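What follows is a single structure, written as structure tokens, with notes after it.
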Amino acid sequence: MTTATTRALRTTRTGGERSAGDASPSPAARPSLPSLTGLRWMAALLVFGLHVNNFGYFAGIGGRAVSWAFGAGATGVSFFFVLSGFVLTWSARPGDRALSFWRRRVARVYPVHLATLAMALVLAYTLAHEPRPTPKQTVANTLLLHSWWRPWWQTLNPVSWSLACEAFFYAAFPLLFLVLRRLGARGSAALGVLSLAAVLVLARSEVHHWWTYSLYSLPAARLPEFVLGAVTARLVLLGRWRGPGLEASLAVALIGYFFVPQLKPGYATVCTVVGFVLLIPAAAVADLHGRPSMWRRPRLVRLGELSFAFYMVHLLVLRAATHLLGRKPHFGLPAGAAVTAAVFAVSLALSWALYEAVECPARRLLLRRRGRPSPAAQPGQARRESPVAARD
């Protein structure tokens, strides 16, 4: 364990709670959590597999295998929401101003969003049979407001609906962080229980159609998942997290994931959210204590750094490929695997280009102050603050 990690842990353990204040180490003293970056890639891969399944690349036994493995891949977005709340709380600055926080969030997600939005517009106006957005839809997508109106949520780059949810979370985070700092450990845990109850109630309302439109893409309806992530981060920072270890948490998450097809549509989040809420802090604690974690392997962490760009671009690649492959081609296993590998390789190459040529340079440029990059623009800090702007 590094010296910085040891100092941070000692501060967390011995600081106590200063009358519902913040006894956690300052963000500058908090170590990075590479396992969370590796887990981001696995969540992005689940969403990719879901879309490969939806595009019908496989027939027969291959199709059944892909459906079994990735039929519940949409829950990867729920993982992103929980992880986003955790990471933002972990890297939050107690004396930070809301405008400074929002500025960093814009610098983090908006460049890739605009780049993939431009790609979606090019596809819409150059490829036959692609729906062309109305001016209102384009403006709503640009401003990340389209998830508030169900008829617009899948327009242009469909996966950006979750980014619109993230934008709402970012808007609410300064207030949420203020509340968490005042609540202390017991109050934060109570807020977590209420948030979990809200997930259950919202799922039941979705299944029984209590509302005219589905709540799946509504940012306000996904806020409890984000709050759960923030609560668990707060408990870890205070040294009050008492969840199971990494292996047990992963087992719970996997059981919930593969149990999703057994329930009615709408209950998917209920199946997996508990596992995700256990897995994320367990991975963080493993990093803090230097315990074994397969998720912080260097290659996996590198893929995790590309995961946001990969998430944002992969569906555009799949949509473009339909003009070469047709819709739901249902290939045999060898051909389906070859086509999937090709689409994956193109998506990964584009995500690398977006990360290196758009995401990182634009973030440095937007966060530059008087000719010098701000602390938030430094690579280590960027890794700590990376949200999971997911998304599906």
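The values are calculated or read from the model by the stated rules, or taken from the named source; none is laboratory data. This structure is a prediction, so every number in the text was calculated from the model and none was measured. All Cβ positions, glycine included, derive from the backbone under ideal geometry; neighbour counts span all protein chains shown.
Some notes on this structure:
- Selection count, the range 251-274, where residues are out of contact with any helix residue (DSSP H, G or I) (no Cβ under 6 Å at 6 or more places or on another chain) and of a type outside the set (Val, Ile, Thr): 7
- Residue match in the range 282-301 (condition: more than 22 Å from residue 70 (Cβ to Cβ) and of a type in the set (Ser, Thr, Tyr)): yes
- A search for C-beta distances below 7 Å between a residue of the range 348-376 that is at pLDDT 70 or above and any residue that is of a type in the set (Lys, Arg) and assigned to a helix (DSSP H, G or I), counting only pairs 6+ apart in sequence or on different chains, returns 363/108; 367/104.
Residue-by-condition table, conditions (1) within 25 Å of residue 281 (Cβ to Cβ); (2) in a loop (DSSP other than H, G, I, E, B):
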{"residue": "203", "(1), (2)": "yes, no"}
{"residue": "206", "(1), (2)": "no, no"}
{"residue": "210", "(1), (2)": "no, yes"}
{"residue": "213", "(1), (2)": "no, yes"}
{"residue": "216", "(1), (2)": "no, yes"}
{"residue": "224", "(1), (2)": "yes, no"}
{"residue": "227", "(1), (2)": "yes, no"}
{"residue": "230", "(1), (2)": "yes, no"}
{"residue": "233", "(1), (2)": "yes, no"}
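- In the range 132-163, the residues that are part of a helix (DSSP H, G or I) and surrounded by fewer than 23 Cβ atoms within 10 Å (Cβ to Cβ): 135, 136, 137, 138, 139, 140, 142, 148, 150, 151, 152
Let's see how each residue does on (1) surrounded by fewer than 20 Cβ atoms within 10 Å (Cβ to Cβ); (2) over 20 Å from residue 217 (Cα atoms); (3) in contact with a strand residue (DSSP E or B) (Cβ under 6 Å, 6 or more places away or on another chain):
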| site | (1), (2), (3) |
| --- | --- |
| 42 | yes, yes, no |
| 60 | yes, yes, no |
| 67 | yes, yes, no |
| 78 | no, no, no |
| 81 | no, no, no |
| 89 | no, yes, no |
| 95 | yes, yes, no |
| 100 | yes, yes, no |
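- Only listed residue being in contact (Cβ under 8 Å) with a residue 24 or more places away in the chain and within 30 Å of residue 113 (Cα to Cα), chosen from 261, 224, 298: 224
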